[in-house]
Amino acid sequence: MQDPYEVAYLVDRFMRRISANFHDKALAVDTDRVGPFGGMILLTLSDIQPAPISLLVAQMGRDKSQMTRAISSLEKKGMIERRTCEEDARVSVLELTSKGTSFVGDIKSILSIVIDEILTPLSTKERQSLIEALRKI
């Protein structure tokens with residue numbers, strides 16, 4: 001059995017490598033200064049939209065006040081739109097705007113390049129095994 005600490009260490013190292021390589025390349029498309037945290041919010045929202053703020057907060061695992069400030073900033077930059085939930089007027093629902101959707105497309109393209117570079121040492125079969133393992137967990 002693998003040492004759980006080793007797994008945590010390797011996953012953390014992998015994520016830090018993705019983050020560092022991504023940051024350098026993302027600066028070219030981040031003309032609105034969304035930043036890494038804003039980019040994470042937009043990527044997460046793209047997977048779950050339309051979504052109430054509470055769901056986005058839960059998915060991100062962040063403090064609600066921190067998320068509210070970041071969401072307001074993204075809204076001012078034209079990346080996100082907020083509307084009142086039809087079923088419950090007390091709830092705000094978030095969706096990406098066309099500008100936000102375009103930005104997410106740029107982020108995903110850059111992430112694909114970064115991941116492809118990092119996974120270069122792996123064979124096609126090893127990459128497929130990694131994908132299957134990640135889907136399983």
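Counting just the residues of the range 1-46 that are over 16 Å from the mean Cα position of the chain (by Cα) and in a loop (DSSP other than H, G, I, E, B), which one comes out nearest to Ile115 (Cα to Cα)? Among residues in the range 1-46 that are over 16 Å from the mean Cα position of the chain (by Cα) and in a loop (DSSP other than H, G, I, E, B), the one nearest to Ile115 (Cα to Cα) is Ala28. The single condition from (1) over 20 Å from Arg17 (Cβ atoms); (2) surrounded by 14 or more Cβ atoms within 10 Å (Cβ to Cβ); (3) not charged (D, E, K, R) that Leu43 fails is (1). Listed by position, the helices (runs of 4 or more DSSP H) enclosed by the range 47-137 that each have at least 1 residues that are small (Gly, Ala, Ser), surrounded by 13 or more Cβ atoms within 10 Å (Cβ to Cβ) and touching a strand residue (DSSP E or B) at 6+ places or on another chain (Cβ under 6 Å) are 98-118. For Leu43, indicate whether it is touching a residue at least 40 places away in the same chain (Cβ under 8 Å) and among the hydrophobic types (A, V, I, L, M, F, W, C). For Leu43, the condition - touching a residue at least 40 places away in the same chain (Cβ under 8 Å) and among the hydrophobic types (A, V, I, L, M, F, W, C) - is met. Over 17 Å from Asp106 (Cβ atoms), of a type in the set (A, V, I, L, M), out of contact with any Pro (no Cβ under 8 Å at 6 or more places or on another chain) and without any contact (Cβ under 8 Å) to a residue 24 or more places away in the chain, is that true of Ala28? No; evaluated as a whole, the condition is false for this residue. Among the residues of the range 73-94, those that are of a type in the set (Gly, Ala, Ser) and more than 17 Å from the chain's Cα centre (by Cα) comprise Gly78, Ala89, Ser92.
Here Thr97 meets the list (1) under 26 Å from Ser54 (Cα atoms); (2) hydroxyl-bearing (Ser, Thr, Tyr); (3) out of contact with any Asp or Glu (no Cβ under 8 Å at 6 or more places or on another chain) almost entirely, failing just condition (3). Out of curiosity, is Lys25 touching a helix residue (DSSP H, G or I) at 6+ places or on another chain (Cβ under 6 Å) and among the charged types (D, E, K, R)? Criteria met by Lys25.
The numbers here are math on the coordinates, done by the rules we state, and not lab data. Keep in mind it's a predicted model, so treat the numbers as computed, not measured. Note that each Cβ is placed from the backbone with ideal geometry, even for glycine, and that neighbours are counted across all protein chains shown.
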